[in-house]
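Read the structure below first, then the notes.
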Amino acid sequence: MHLVKNENKEHPFLLDEEFFENFTSHHTRKNYLVDINQFLEWISFYYQFDDYDQIRRIHIIKFRNFLSETGGHNDEPCSPKTINRKLASLSTYFNFLVEKNLAPANPVTSVKRPRAEVKSPTNALKKEQVLEIFNEIEKNKNSGPLHKALLVTFFTTGLRKSEILNLKIKHFRRHGDNHILEFIGKGGKLGKKLLNPVCIMAIEEYLAWMRENERETAPNDWLFQPTRNPSNPEYLNKPLNPKTINEIIDRYSKKVGIGHKVTPHSARATFISAILDIGVDIYVVAREVNHASVKTTQEYDKRRKKLLESPVMKIDWE
């Protein structure tokens with residue numbers, strides 16, 4: 001057991017490294033660290049606690065209420081979904097502490113969670129907007145092949161940013177008469193994604209462009225590599241920076257006149273909404289995008305809002 005103080009945070013609690021290292025995803029470890037540190041900073045500021053033994057259920061309830069009132073960015077309320085995630089992070093950590101005899105009980109147990117409602121609609125794009133973005137990329141004679149392969153993969157697979165970031169060239173391969181991407185999903189689960197022909201063409205054109213420019217394309221090399229590296233110009237065989245992906249998507253969406261912020265999650269939302277709109281069963285869609293619950297998939301279902309398309313109008317009562 002290795003207890004360490006996180007020097008970057010303003011609380012006296014020691015954190016157990018074993019808990020965080022148990023998660024294979026860097027993204028997951030980071031989220032747990034942020035959520036747990038926020039709670040420990042809050043409770044040490046308001047109650048001057050410095051030991052897990054002092055924390056009780058009432059303190060978790062008060063923290064939940066704080067999140068719902070001013071606990072978000074710029075002192076805005078957190079969404080119910082965010083609050084539930086933070087409470088789940090705390091509950092998992094306290095279960096670990098109890099197991100290690102570092103806390104007497106899990107104070108998060110039985111604390112009522114807010115109803116998970118969608119705070120705002122997802123920024124899913126229309127088909128025409130996506131095609132405008134693809135066409136705009138064609139004008140980029142320098143990084144165009146990379147950008148097109150990257151964004152086509154986002155919009156036609158619904159994969160998460162972390163899943164696309166970790167792809168290697170060997171993960172793009174033939175599967176019978178089709179092509180697939182093998183990826184590592186949430187919780188380290190291995191998955192396979194059947195690719196749309198548009199995506200296959202974009203990736204193949206990108207790999208051909210890589211070879212023409214004498215870039216590394218061995219099976220274990222990263223699939224989506226940066227076109228330049230200011231700190232080390234010779235070292236390009238590495239995954240893209242997550243911020244770079246956000247900047248690429250944001251840049252092209254602004255160029256085609258999209259008035260709201262477009263992110264990698266917008267691309268995922270677009271994919272989910274598109275296959276729901278063509279009538280694919282919602283349970284099939286949930287499996288396709290690896291949602292743990294179909295309730296998450298329902299957040300993307302715009303069909304629920306189309307009152308005039310209610311099936312009640314299809315019943316003939318005459």
Gyration tensor on Cα atoms of region 184-232, a ≥ b ≥ c root eigenvalues, a/c under 1.5 rounded, else prolate if a/b beats b/c, else oblate, says oblate
From the residues TRP222, ILE272, LEU190, which one has its Cα farthest along the dipole of the chain in the positive direction, the dipole being from +1 and -1 charges on Cβ of Lys/Arg and Asp/Glu about the Cα centre? ILE272
Quick check on the chain: helices-only [θ] at 222 nm, where DSSP H runs of length 4 and up contribute -39,500 (n - 2.57) each and the sum goes over total residues. Nearest 500, please. -14500 deg cm²/dmol
For the chain, size of Cβ-based charge dipole, Lys and Arg +1, Asp and Glu -1, in debye: 540 debye
Given points 7 Å out from each Cα along the Cα-Cβ axis, report the ARG251 to SER293 separation in nanometres with one decimal. 3.9 nm
On a 22 Å Cα-Cα criterion, which of the cross-link pairs LYS127/LYS295; LYS126/LYS192; LYS170/LYS243; LYS81/LYS112; LYS161/LYS261; LYS86/LYS126 come out too long? LYS127/LYS295; LYS126/LYS192; LYS170/LYS243; LYS86/LYS126
For region 3-99, what is the charge dipole size about the Cα centre, in debye to the nearest 20, if Lys and Arg each add +1 at the Cβ and Asp and Glu each add -1 at the Cβ? 440 debye
Can you tell me which of 171-177, 282-288, 262-268 comes out highest on packing, and rank the rest after it, using the mean Cβ neighbours within 10 Å? 262-268, 282-288, 171-177
Looking at the square roots a ≥ b ≥ c of the eigenvalues of the Cα gyration tensor of region 1-110, which shape do they give, rounded for a/c under 1.5, prolate if a/b is larger than b/c, or oblate? rounded
Using a 7 Å offset from the Cα along the Cα-to-Cβ direction at both ASN135 and TYR46, what is the distance between the two label points in nm, to one decimal? 5.3 nm
Figure the gain on full extension for ILE58 and VAL284 (residue separation times 0.36 nm, minus the Cα-Cα span) and round it to one decimal in nm. 77.3 nm
From the backbone phi of region 226-234, what are the Karplus-calculated ³J(HN,Hα) couplings (6.51 cos²θ - 1.76 cosθ + 1.60, θ = phi - 60°) in whole Hz, Gly and Pro given as x? x, 7, 8, 9, x, 6, 8, x, 7
Which whole-Hz couplings ³J(HN,Hα) result when phi for each residue of region 72-79 is put into the Karplus expression 6.51 cos²θ - 1.76 cosθ + 1.60, θ = phi - 60°, listed in order with x for Gly and Pro? x, 5, 6, 6, 7, x, 7, 6
Along each principal axis, Cα extent of the chain, largest first, Å: 75, 61, 39
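Quick note: the coordinates plus some simple rules give every number you see, no bench work behind them. Just so it is clear, the model here is predicted, and its values are computed rather than measured. Every residue, glycine among them, receives a Cβ derived from its backbone with ideal geometry; neighbour counts consider all protein chains shown.
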